[in-house]
Amino acid sequence: MKMIKKIAALKKEIKALRQKHKTIGFVPTMGALHAGHVKLIRCARKQNSIVIVSIFVNPAQFGPAEDFKKYPRTLLNDAAVCRKEGVDIIFSPSVAQMYPSVRGTYVTVEGLSNVLCGAGRPGHFRGVATVVTKLMNIVEPDTMYLGQKDAQQAAVVKRMARDLFISGKIRVIPTVRQKNGLALSSRNAYLSEKEKNDAASLYQSLMLAQKLVKSGLNDAGLIIRRMKGLLAKFKSVKIDYVSVLDAQTFIPLKKAKRGCLVALAARVGKTRLIDNIVIPKSSL
Ligand code: PAF
């Protein structure tokens, strides 16, 4: 496994791989790798001859009062995980490499970036779309792998790639959860044991929504109220949003239906967590 820090060196490596007709699977990450990332890496490993993982804590996607400084940086451990999973190249550039200009170029995906998480985190998706554009231009992957937990991020990135004619498939891989339902996230590292238990209520509320839709209830307002009622039982949980949406357009729905997205964000203690499910289309 190679660890590459410079863009020029990675491009040279990729050019040589392309000459040998290798296919490239790419997993962009901010490190602090967990079983969710491992699932993405395994999909990439299965489907491509070469797997590249980027590890870059992207300052452009953090607001001024957010956790950029304290975001877990565990490069040695991440490298061990990647080696074990058969990753070929880790790309871990510096901020100066990725953002060479003081007043640089940014990519904004209109509309989609301003709702849900975008409403509470202005500039977040501009930072994500910008860094993923840069990474896709550097790596030029055949397929890039993202997690369903960040459903809005996946939608923003897909729209960006479509609108900017960036080639390469984007595959969205199902969320990996703890036994209690808590979606794996690098930010779970901030939670106390009690908060980890309380945070399972996020998934419980999503399961409640699924059960209600299955039972024939389709009033999205009522479903949201029932979910909020469940979450309100946990003192450490402060809801940011709960929403029932069209899974493609992210437009809020009045009537929930199979195939729709139920998404939420909440603070558990001081940690902001997100989660979502797509209500299965077939019989549950
Ligand atoms: O999901 C993440 O870890 C990040 O948002 C990403 C896609 C690597 C961009 O920095």
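Quick test for you: out of GLY63, GLY36, GLY31, GLY25, pick the one residue that is closer than 30 Å to GLY123 by Cβ, under 22 Å from the mean Cα position of the chain (by Cα), surrounded by fewer than 19 Cβ atoms within 10 Å (Cβ to Cβ) and in contact (Cβ under 8 Å) with a residue 24 or more places away in the chain.
On the way: GLY36 fails: surrounded by fewer than 19 Cβ atoms within 10 Å (Cβ to Cβ); GLY31 fails: surrounded by fewer than 19 Cβ atoms within 10 Å (Cβ to Cβ); GLY25 fails: surrounded by fewer than 19 Cβ atoms within 10 Å (Cβ to Cβ).
From the options GLY63, GLY36, GLY31, GLY25, the qualifying one is GLY63.
What do you reckon, is PRO93 at pLDDT 95 or above, part of a loop (DSSP other than H, G, I, E, B), surrounded by 14 or more Cβ atoms within 10 Å (Cβ to Cβ) and out of contact with any strand residue (DSSP E or B) (no Cβ under 6 Å at 6 or more places or on another chain)? Write out each step before concluding.
Working: at pLDDT 95 or above: yes; part of a loop (DSSP other than H, G, I, E, B): yes; surrounded by 14 or more Cβ atoms within 10 Å (Cβ to Cβ): yes; out of contact with any strand residue (DSSP E or B) (no Cβ under 6 Å at 6 or more places or on another chain): yes.
Yes: the conditions hold for PRO93.
Could you please give the count of residues in region 15-39 that are within 30 Å of ALA189 (Cα to Cα) and in a loop (DSSP other than H, G, I, E, B)? Let's see the steps before the verdict.
Of region 15-39, the ones within 30 Å of ALA189 (Cα to Cα) are 25-39.
Those left that are additionally in a loop (DSSP other than H, G, I, E, B): 30-34.
Result for region 15-39: 5.
Among LYS46, LYS5, which is the only one that is over 30 Å from ASN114 (Cα atoms), loosely packed, with under 13 Cβ neighbours inside 10 Å and touching a residue at least 12 places away in the same chain (Cβ under 8 Å)? Steps first, please.
Values: LYS46 fails: touching a residue at least 12 places away in the same chain (Cβ under 8 Å).
Exactly one residue qualifies, and that residue is LYS5.
Results for (1) without any contact (Cβ under 8 Å) to a residue 60 or more places away in the chain; (2) within 12 Å of the ligand (Cβ to nearest atom); (3) over 10 Å from the mean Cα position of the chain (by Cα), shown as yes or no for each residue.
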| position | (1), (2), (3) |
| --- | --- |
| HIS124 | no, yes, yes |
| ALA129 | yes, yes, yes |
| ASN137 | yes, no, yes |
| MET144 | no, yes, yes |
| GLY147 | no, yes, no |
| GLN152 | no, yes, no |
| VAL156 | yes, yes, yes |
| ALA161 | yes, no, yes |
| LEU164 | yes, no, yes |
Check: Looking at region 175-187, which of its residues are surrounded by fewer than 22 Cβ atoms within 10 Å (Cβ to Cβ) and touching a residue at least 40 places away in the same chain (Cβ under 8 Å)?
Finding: THR175, VAL176, LEU184, SER186, ARG187
Next item on the list: Would you tally the residues in region 97-122 being within 18 Å of VAL57 (Cβ to Cβ), part of a loop (DSSP other than H, G, I, E, B) and out of contact with any strand residue (DSSP E or B) (no Cβ under 9 Å at 6 or more places or on another chain)?
Entry: 4
Note to self: Would you confirm, using the coordinates I've provided, whether VAL115 is within 17 Å of ILE274 (Cβ to Cβ) and of a type in the set (Val, Ile, Thr)?
What the structure shows: yes
Item checked: Residue that is farthest from the ligand (Cβ to nearest atom), among those in region 166-202 that are within 11 Å of the chain's Cα centre (by Cα) and part of a loop (DSSP other than H, G, I, E, B) -> PRO174
Next item on the list: Of the numbered conditions (1) away from the ligand (no atom under 16 Å from the Cβ); (2) surrounded by fewer than 18 Cβ atoms within 10 Å (Cβ to Cβ), ASP88 fails exactly one; give the number of that condition.
Entry: (2)
Margin query: Looking at (1) assigned to a loop (DSSP other than H, G, I, E, B); (2) of a type in the set (A, V, I, L, M); (3) within 25 Å of GLU66 (Cβ to Cβ), which one does ALA263 not meet, given that it meets all the others?
Written below: (1)
Notebook entry, point to check: In this structure, does PRO280 turn out to be within 21 Å of VAL176 (Cα to Cα) and surrounded by fewer than 21 Cβ atoms within 10 Å (Cβ to Cβ)?
Noted result: yes
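Matching residues to (1) within 11 Å of the ligand (Cβ to nearest atom); (2) over 17 Å from ALA79 (Cα atoms); (3) modelled with pLDDT of 95 or more; (4) in a helix (DSSP H, G or I):
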position	(1), (2), (3), (4)
GLU13	no, yes, yes, yes
ILE41	no, no, yes, yes
ARG45	no, no, yes, yes
ILE52	no, no, yes, no
Check: Can you spot a residue in region 99-112 that is without any contact (Cβ under 8 Å) to a residue 40 or more places away in the chain and within 9 Å of the ligand (Cβ to nearest atom)?
Finding: no
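The values are calculated or read from the model by the stated rules, or taken from the named source; none is laboratory data. Only a predicted model underlies this, so the values are computations on that prediction, with no experimental measurement involved. Virtual Cβ from ideal backbone geometry, glycine too; neighbours counted across all protein chains shown.
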